[in-house]
Amino acid sequence: MSHEIVLTGIKPTGMPHLGNWVGAIRPTVELSRQAERQGFFFIADYHALTGLKDGKQLRRFTYSVAAAWIALGLDPDRIILYRQSDIPEVFELSWILACFSPKGLMNRAHAYKAQVQKNQESGESDLDSGVNMGLYTYPILMAADILVMGTHRVPVGSDQQQHVEIARDLAQYFNRQYGRDIFTLPEALIDPASAVLPGIDGRKMSKSYKNYIPLFDAPDAIKKLIMRIETDSSQPGDPKDPDSSTIFQLYRVLANPAQTESLARAYASGIAWKDAKEELWARFDETFREPTRRYQELMANPAELDKIFAQGADKARAQASRIMTKVRRAVGTR
Ligand code: ADP
Ligand code: TRP
């Protein structure tokens, strides 16, 4: 395959929200349309298991994330869309890579360090409290996801950069040991322009703050959330500053430049907060009305998603098994 391989994984831990769309879904869908690249996109369901221990929910989120990505433009006929758990080669490679991972490398990984720090701050005597081995070795499984497909580039948010570097380090240790270029060295692809979107309370939009606007809820529910966006106490007629306004930050990512310009003028001439929110709702509805229909159609028809997963798994396994044949020969299990 002479195309550059681009791969990314999405953890199914909740319903997709506007922040996910801006920071991850939209840029990745754009990337997936570039002809010179072969895209691998997968639902990292076994990564989600490190934290999510409710089978029903994990299953629902797996379908809902896949449906969302397809509804928002990922085309399973052009790219390879699959479920991580459908690729046994990933888990085999994960063990092999674990045998090349210095323990200290995992001690420095940020998801683990964050939990240790949380324990420190709360005065917990066992600093490893709440850390399962899945969380601890999370970067090894992620390295297997990446290396098993011969990935060149990994589009991710900046919080995942360290994990991609770990994958690269492990690939280098392995290649050095066996004296051959078995693994491609992956590089993170981080969009420098990607903005962090605020949620309805003005903090970073995130599932953990419960301040997010879901992409595919009932129109009434979404409109209600938009109407609850926090604003300052300025009155209709008072000039307003777009840059410090959550409504404006959200509007900008949904509107075209002329619309954005026009709302900025309305801010200067004192638009009422309620009217600004109505404008935001109009853009939201326009952007997501058709994708919502497609999303609901897919969610009502899981057999269609199962078929897409099965096709994706076939193609992904064909690629993974080529690489695993070389890996097994190198380590001596074949
Ligand atoms: P959450 O914070 O809601 O749990 P995740 O950590 O699951 O979101 O994020 C999944 C992807 O969406 C990541 O690539 C992340 O960079 C992107 N993302 C999440 N929240 C935002 C946001 N508020 N603005 C921009 N991108 C975001
Ligand atoms: N760890 C990523 C996240 O939390 C998800 C992920 C799993 C991933 N495996 C990957 C991303 C491989 C890129 C490549 O968002």
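Before moving on, here are some points about what is shown:
- The chain: most fluctuating residue of Gln160, Gln117, Gln311 per GNM, C-alpha cutoff 10 Å: Gln117
- Listed residues Ile271, Thr231, Leu254: farthest to the positive end of the dipole of the range 219-295 (Cβ charges): Leu254
- Overall form of the range 77-203 per C-alpha gyration tensor (a/c, 1.5; a/b vs b/c): oblate
- DSSP beta bridge pairing in the chain, given as percent antiparallel to the nearest 5: 10
- Rounded to the nearest 20 debye, dipole of the chain from Cβ charges on Lys, Arg, Asp, Glu: 920
- Trypsin sites (Lys or Arg not before Pro) restricted to the range 6-74 and DSSP loop, no more than 11 other C-beta within 10 Å: Lys53
- Shape category assigned to the range 246-289 from the gyration tensor of Cα positions, a/c cut at 1.5: oblate
- Extension gain, Lys210 back to Glu261 (0.36 nm per residue minus Cα-Cα distance, nm): 15.3 nm
- Using alpha-carbon coordinates, inclination of helix 257-268 to the longest axis of the chain, degrees: 50
- Taking Cα atoms only, the orientation of helix 110-121 departs from the longest principal axis of the chain by about 70 degrees.
- Max mean-square fluctuation residue, GNM over the chain, Cα-Cα springs under 10 Å, options Leu105, Leu141, Leu18: Leu105
- Summed residue charge, Cβ within 15 Å of Pro186's Cβ, Lys/Arg positive, Asp/Glu negative: -3
- The helix-based estimate of mean residue ellipticity at 222 nm for the chain, built from -39,500 (n - 2.57) per DSSP H run of four or more residues and divided by its residue count, is -16500 deg cm²/dmol to the nearest 500.
- Between helix 161-178 and the chain there is an angle of about 10 degrees, using the helix long axis and the longest principal axis of the Cα atoms.
- Choice from Asp159, Asp191, Asp45 showing the highest fluctuation, given a GNM over the chain with Cα pairs closer than 10 Å: Asp159
- On the principal axes of its alpha-carbon atoms, the chain has extents of 75, 51, 36 Å, going from largest to smallest.
- Shown here for the range 141-227: trypsin sites (Lys or Arg not before Pro) in loop regions (DSSP other than H, G, I, E, B) with at most 15 other Cβ atoms within 10 Å, namely Arg180, Arg203, Lys210.
- Table column - 3J(HN,Hα) (Hz), the range 183-197, Karplus curve with 6.51, -1.76, 1.60, x for Gly and Pro: 9, 6, 8, x, 10, 6, 10, 10, 6, x, 7, 5, 8, 8, 8
- Entries of Lys207/Lys240; Lys113/Lys326; Lys204/Lys307; Lys11/Lys103; Lys56/Lys210; Lys103/Lys210 with Cα pairs more than 26 Å apart: Lys207/Lys240; Lys113/Lys326; Lys204/Lys307; Lys103/Lys210
None of the figures in this text is laboratory data; all of them are computed from the coordinates on show. Computed from a predicted model, the values in this text were never measured in an experiment. Note: ideal-geometry Cβ built from the backbone for every residue, glycine included; neighbour counts use all protein chains shown.
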